[in-house]
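The values are calculated or read from the model by the stated rules, or taken from the named source; none is laboratory data. Note that this is a predicted model, so its numbers are computed, not measured. Every residue, glycine among them, receives a Cβ derived from its backbone with ideal geometry; neighbour counts consider all protein chains shown. The accessibility values were calculated without ligands, DNA or RNA, using every heavy atom of the protein model including side chains. Shrake-Rupley method; radii C 1.70, N 1.55, O 1.52, S 1.80 Å.
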Amino acid sequence: MSDKTGKAHLHNWEDMPLEKLNDDIDRRLVTGTNMMIAHVYIRKGGIVPKHSHHNEQITYILSGALKFLMGDAQDEEIIVRAGEVLVIPPHLPHSAEALEDTVDVDVFNPPREDWLDGTDAYLRDGSS
């Protein structure tokens, strides 16, 4: 969806394709030249396995709650609830578990190439 024409593009979340990643996680993406925004829908108990990436990430919880475990040892716990925002710096390992049905907005800079080309196996099949 990136466009180098210099034109603005209006999107409606409900019109964006819903991508099923696994039994517990679905998402919708909008990508610009330098940023990506995603709606991620995680059912209660759904797990985002430990991973890291070179992208800076901002996660805003619209509804529900996620429990993040941070760092190589996964020894820092942060619970993010509706209305709260978590900023995750590049290269910081993290995982998440949905404590309830959750809708989160993730913003990445630069866009997540693995999400765009389908090589995000950690979400699709739980591998690292």
A chain fully extended from Arg124 to Thr33 at 0.36 nm per residue, minus the present Cα-Cα distance, gains in nm 30.3 nm
Per the 1/(1 + (r/R0)^6) rule, R0 = 22 Å and r from the Cβ atoms of Glu14 and Val87, FRET efficiency to 0.05 is 0.20
By the mean-Cβ-within-10 Å protection proxy, highest first, 63-72, 32-41 rank as 32-41, 63-72
Note to self: with every protein chain in place and a 1.4 Å probe, the chain gives an accessible area per residue in Å² of 55 Å²
Under the rule rounded for a/c under 1.5, else prolate if a/b exceeds b/c, else oblate, using alpha carbon gyration tensor axes a ≥ b ≥ c, the range 23-128 is classed as rounded
Sequence order, the range 48-62: Karplus ³J(HN,Hα) from phi using 6.51 cos²θ - 1.76 cosθ + 1.60, θ = phi - 60°, Hz rounded, Gly and Pro as x, gives 9, x, 4, 7, 8, 7, 6, 7, 6, 10, 10, 10, 10, 8, 7
So the carbon and sulfur contribution to the accessible area of the chain, 1.4 Å probe, in percent, is 53 percent
Computed over the chain, the relative contact order (Cα-Cα under 8 Å, seq sep at least six) in percent reads 30 percent
Full extension between Ile78 and Lys7 adds, at 0.36 nm per residue less the Cα distance, a length in nm of 21.7 nm
